[in-house]
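Working notes, structure below.
The values are calculated or read from the model by the stated rules, or taken from the named source; none is laboratory data. Quantities reported herein were computed from a predicted structural model and do not represent experimental measurements. Neighbour counts are summed over all protein chains in view; Cβ atoms, including those assigned to glycine, are modelled from backbone coordinates with ideal geometry.
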Amino acid sequence: MKRIWCAISSHGFGHAAQVVPVLNELGRRVSGLTAILRTSVPARFFEANLKIASEVSPAEQDVGCVQHGPMRIDAAATWAEHRRFHEHWEDKVAAESRAIRSVKPALVLSDISYLAIEAASRADVPAVGLCNLSWDGILKLFFELGRHEQVDVIRRIQESYRLADLMIRIAPGIPMEAFRTIVDMGPVAELAAPQPSVLRAAVGAKAHERMVLVAFGGIALDGLPFDRLDRMNGYRFVVSGPVPDGTERIRSSASIPMAFSQLLASADLIVTKPGYSTVVEAVAYQKPVVYVRRYNFADEGLLVDYLHRNGRAAELSAGDFTSGQWENALRAAAATTVPGPAPAPTGATEAANLLITYLST
């Protein structure tokens, strides 16, 4: 039985959503493959999406960014959490290395934990990164001149990343300076069969009403303008989290017997922040996207450009988002046309072609 150790950031669900299609593709090629899921991502995400044998091993793999909801990053708290995470670093790496050795994996696949990469190096296990971003690249946007402790945090991350045997940068990806060897590959997405009639029946949508999925990447979204949305004629909304009693046009995704991938494939429009998996999948499905920018996340500009170059999109300001002034952006996105064939999500197949060499020895 072959084992692959998968260290997955729990900063939302986006990192897990990148890894799962690659694991599923590997599972079609490697008999008896088992994934050790080293992560704090809830097991239910993998139960709904992963098609190979797996064992969840809960553990903090990195910090990512400290956020207040999906739209606001707390830079000061993010730096403080990284300093906390780096305390007793040698002990932390040694413990992670022992954990890796204990299951004898053929490979450590990291999205995009630098702890796992350094621990794999100490355990003499090949380590491959997989992501469209890296944490040093994310943190540089929050760097303050003269803050030597911030320099130390970034240096620690980059020194660990340099120990990777290889970095698979999936498109669209940010510049990466820490990795010694980078291989560029196509977008990663695992597409579901659209079931719009099932979704519409589940929420009681009328023929003239458009289904809008409000999707913010697995990070709790507080403060939606429920009253305003519930008065928006011509639309039905599906949101994550609880919905106030008495709303007619808004349903919680938890009340609908469909996986998130099916919801995204089946909705008429998507309202979201520019996050990797939602953007790549929406483009592949040619779904109109209304996006709300944060303007301080390293891959956001690349994803917005990818949306406009390959898909259908309109921007909604943060102020209009919170006040419920969505109608103009929804109409604008719906009125856009597809600029051409969407880029094929070839990244999972390409990554599997490369990774299988580590699993066939």
If you go through Ala329, Ala344, Ala314, the only one that is of a type outside the set (Val, Ile, Thr) and either assigned to a helix (DSSP H, G or I) or in contact with a Phe, Trp or Tyr (Cβ under 7 Å, 6 or more places away or on another chain) (or both) is Ala329
Which of the residues that make up region 65-94 are part of a helix (DSSP H, G or I), of a type outside the set (A, V, I, L, M, F, W, C) and loosely packed, with under 14 Cβ neighbours inside 10 Å? Arg84, Glu90, Asp91
Count of region 1-26 residues which are of a type in the set (Phe, Trp, Tyr) and in contact with a Lys or Arg (Cβ under 7 Å, 6 or more places away or on another chain): 1
Surrounded by fewer than 18 Cβ atoms within 10 Å (Cβ to Cβ), outside the structural domain of His15 (by TED's automatic domain parsing) and out of contact with any His (no Cβ under 9 Å at 6 or more places or on another chain): is that true of Asp227 in this structure? yes
Checked pairs for region 139-151, first aliphatic (A, V, I, L, M), second modelled with pLDDT of 95 or more, C-beta under 6 Å and 6 or more apart or across chains, list as Leu139/Ile154; Leu141/Ala298
Among the numbered criteria (1) within 26 Å of Val304 (Cα to Cα); (2) of a type in the set (A, V, I, L, M, F, W, C); (3) surrounded by 20 or more Cβ atoms within 10 Å (Cβ to Cβ), which single criterion is violated by Leu221? (3)
Somewhere in region 37-44, is a residue touching a residue at least 24 places away in the same chain (Cβ under 8 Å), in a loop (DSSP other than H, G, I, E, B) and loosely packed, with under 14 Cβ neighbours inside 10 Å? no
Go over the candidates Ala207, Ala164, Ala201 one by one and state the one that is touching a Ser or Thr at 6+ places or on another chain (Cβ under 8 Å), at pLDDT 95 or above and small (Gly, Ala, Ser). Ala164
All but one of (1) surrounded by 14 or more Cβ atoms within 10 Å (Cβ to Cβ); (2) out of contact with any strand residue (DSSP E or B) (no Cβ under 8 Å at 6 or more places or on another chain); (3) not in a loop (DSSP other than H, G, I, E, B); (4) not polar (S, T, N, Q) hold for Gly319; which doesn't? (1)
Count of region 203-222 residues which are in a loop (DSSP other than H, G, I, E, B) and within 22 Å of the chain's Cα centre (by Cα): 7
